Amino acid sequence: GNSVTQMEGPVTLSEEAFLTINCTYTATGYPSLFWYVQYPGEGLQLLLKATKADDKGSNKGFEATYRKETTSFHLEKGSVQVSDSAVYFCALSQEGGSEKLVFGKGTKLTVNP
Amino acid sequence: DTGVSQNPRHKITKRGQNVTFRCDPISEHNRLYWYRQTLGQGPEFLTYFQNEAQLEKSRLLSDRFSAERPKGSFSTLEIQRTEQGDSAMYLCASSPIPIQYFGAGTRLSVL
């Protein structure tokens, strides 16, 4: 079945540091890929998405590129802020049918001033 | 657009009791999903509705769980004879594909 593997956390960085959170997936065909973010006490919010190979999703300074050859969708940000502290989830969905999301376990990021 | 609304936000119950959660999706979205999230894990799919039709159910959804979406609007998730293992965050999402919009969830604690 489909699955998503995320880098284990927690991750602690200083403000303005570079962020990478690794995500790899297993799926048949060409899934859509997502990064969702969960701030404390809030629901999941879509951060960015990519629906086909080589697409780059970007939002709020975060980027991720859909790499079919390495089945990866790593999240990056050049300079993190304290306000980026949250839990980040990588997810995929398969076109057709329910298009339910399959999530990784999440990576908790803490950014210190 | 007020977003996806879930009620209650928290529910504490005793083992063996029945509980019901409600989800109000974004009004124009015809797809609705329920997920369960336990501590330290990502959300796991429970069930999916397109309008009022329940089209897919996960094996996680035991006989004690039932979900409805009358008239294709709000949805309810009922758990009968709750067990301690049911303690989790229950998330609802609505969608125009491929993006799903999540509510804040209902946190269930079974004592």
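Throughout, read-outs are computed from the coordinates displayed, never taken from laboratory work. As the structure is a computational prediction, the values presented were derived from the model and not from experiment. All Cβ positions, even for glycine, are placed from backbone atoms using ideal geometry, and neighbour counts span all protein chains on display.
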The stretch B:30-111: trypsin sites (Lys or Arg not before Pro) falling in loop per DSSP and having at most 10 other Cβ within 10 Å: B:Arg59
How far apart, in nanometres, would the label points at B:Arg9 and A:Ser85 be if each is projected 7 angstrom from Cα along the Cα-to-Cβ direction? 2.0 nm
What percent of all Cα-Cα pairs in the protein assembly as shown falls into each 10 Å bin, going from 0 up to the bin containing the maximum distance? 8, 33, 35, 20, 5, 0
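Quick one: compute the contact order of chain A, relative version, from alpha carbon pairs under 8 angstrom and 6+ residues apart, as a percent. Could you put the intermediate results ahead of the total?
Details: 292 pairs, mean separation 40.8, N = 113.
Value for chain A: 36 percent.
Starting from the coordinates of the alpha-carbon atoms of the stretch B:8-72, obtain the Kirkwood hydrodynamic radius over all distinct pairs and give the value in Å to one decimal.
On the way: mean 1/r = 0.0747 Å⁻¹.
Its Kirkwood hydrodynamic radius stands at 13.4 Å.
Scan the stretch A:38-76 for GluC sites (Glu not before Pro) in coil per DSSP, keeping those whose Cβ has at most 10 other Cβ atoms within 10 Å, and list them by number.
Answer in residue order: A:Glu69.
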Alpha carbon centroid spacing (whole Å) that separates the stretch B:1-66 from the stretch A:61-112: 23 Å
Out of the GluC sites (Glu not before Pro) in the stretch B:13-111, which ones are loop residues according to DSSP with at most 15 other C-beta atoms within 10 Å? B:Glu28, B:Glu52, B:Glu83
Taking amide H positions as placed 1.01 Å from N in the peptide plane, with prolines and chain starts having none, which residues 5 or more places from B:Ser58, or on another chain, fall under 5 Å of its amide H? B:Thr47
HN-Hα J in Hz across the stretch A:41-57 - Karplus 6.51, -1.76, 1.60, θ = phi - 60°, x for Gly and Pro: x, 10, x, 5, 10, 5, 9, 6, 8, 8, 10, 8, 4, 6, 5, 10, x
